[in-house]
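Report on the following structure.
The values are calculated or read from the model by the stated rules, or taken from the named source; none is laboratory data. Because the structure is a prediction, the values reported are computed rather than measured. When we count neighbours, we look across all protein chains shown, and the Cβ atoms used for this are built from the backbone with ideal geometry, even at glycine.
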Amino acid sequence: MKLIIFGPPGSGKGTYSSKLKEKFGLEKISTGDIFREEIKKGSELGKKVEKYLREGKLVPDDIVIEVVIEKIKNLEKFILDGFPRTVDQAKALDSMVNIDAIIKINAHPEILVEKISARRICSNPKCDGNYNVADIRKVIDGVEYILPPLLPKNDMKCDKCGSPLIQRDDDKPSVIMDRLKVYEEQTKPVIDYYLKKKKPPFIEIWMSRPPEQVVEKIVEGLRKLNLVK
Ligand SMILES: [Zn+2]
């Protein structure tokens, strides 16, 4: 089973891919993770990539393509997250492998802004505690969102270590809007490319419920396509 997942920042696609990995033994391929890993290792690739990222530039297609192809060429089961990001990357991927399905996570921007601005993380750098203070119950364009908060037991203190919770700088509404806009502009041509080709099939899911339920819907979609039992 070879999958691609698309979803705007804050749509939880990292979480869904991890759960699909657990369920079906898919290898989760995220270009962001690969680049971070290589930079940490100080490899040739890492050095190259770091230079682009430091200058705030996108890593060129040929590098991204090479890295991903190298990773997936011997894999039977994977989910791609953050790739393809351009039509050229999509074409390169098409020439290499048959993707079975594209999972597309949808969410209204106002929901993403509300949800991301409500994120709180533990202030202890060694702790990965994360929470969400938004209690979202609303209907937008016929989509009913029920997204309960994830609150710490003690008033704004981390359950794991007791440190105070803080908000990340890039989880502020203006920054979020910028990130959503960039995502929209980058992804639309790629989505349009696949829609026009009518292959592979899309599984479109709204991020309107907590992650477990979204994952259930994804699995249902995979089942309909006979990709899982
Ligand atoms: Zn903590």
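Quick notes
- Residue check for Val59: in contact with a helix residue (DSSP H, G or I) (Cβ under 8 Å, 6 or more places away or on another chain), assigned to a helix (DSSP H, G or I), within 26 Å of Gly12 (Cα to Cα) and not hydroxyl-bearing (Ser, Thr, Tyr): no
- Residue check, Leu222 over 24 Å from Pro148 (Cβ atoms) and either part of a helix (DSSP H, G or I) or modelled with pLDDT under 95 (or both): yes
- Inter-residue pairs, beta-carbon under 8 Å, first in contact (Cβ under 8 Å) with a residue 24 or more places away in the chain and among the hydroxyl-bearing types (Ser, Thr, Tyr) and in the stretch 110-128, second away from the ligand (no atom under 14 Å from the Cβ) and assigned to a helix (DSSP H, G or I), 6+ apart: Ser117/Asp171; Ser117/Pro173; Ser117/Ile176
- Scanning the stretch 40-57 for residues that are touching a residue at least 12 places away in the same chain (Cβ under 8 Å) and either under 23 Å from Val190 (Cα atoms) or among the aliphatic types (A, V, I, L, M) (or both) gives Leu45, Val49, Leu53.
- Look at (1) at pLDDT 95 or above; (2) within 18 Å of the chain's Cα centre (by Cα); (3) in a helix (DSSP H, G or I) and you find that Val68 fails only one, number (1).
- Looking at Lys115, Lys181, just one residue is within 30 Å of Lys198 (Cα to Cα) and either more than 16 Å from the ligand (Cβ to nearest atom) or assigned to a helix (DSSP H, G or I) (or both), and that residue is Lys181.
- Entry remark, the stretch 141-158: residues being surrounded by 14 or more Cβ atoms within 10 Å (Cβ to Cβ) and touching a Lys or Arg at 6+ places or on another chain (Cβ under 6 Å) number 1 in total.
- Check on Lys57, of a type in the set (Lys, Arg) and at pLDDT 90 or above: no
- Residues of the stretch 118-129 satisfying the condition of being more than 9 Å from the ligand (Cβ to nearest atom) and under 21 Å from Pro9 (Cβ atoms): Ala118, Arg119, Arg120
- If you go through the stretch 131-168 and keep only what is within 16 Å of the ligand (Cβ to nearest atom) and either in contact (Cβ under 8 Å) with a residue 60 or more places away in the chain or part of a strand (DSSP E or B) (or both), you end up with Tyr131, Asn132, Leu150, Asn154, Lys157, Pro164, Leu165, Ile166.
- Output for the stretch 165-184, where each listed residue is out of contact with any helix residue (DSSP H, G or I) (no Cβ under 6 Å at 6 or more places or on another chain) and either within 23 Å of Asn154 (Cα to Cα) or of a type in the set (Asp, Glu) (or both): Leu165, Ile166, Gln167, Arg168, Asp169, Asp170, Asp178, Glu184
- Within the stretch 169-178, if we keep just the residues that are in contact (Cβ under 8 Å) with a residue 12 or more places away in the chain and either out of contact with any strand residue (DSSP E or B) (no Cβ under 6 Å at 6 or more places or on another chain) or within 12 Å of Gly129 (Cα to Cα) (or both), the residue that is nearest to the ligand (Cβ to nearest atom) turns out to be Lys172.
- Scanning the stretch 73-100 for residues that are surrounded by fewer than 18 Cβ atoms within 10 Å (Cβ to Cβ) and polar (S, T, N, Q) returns Asn74, Ser95, Asn98.
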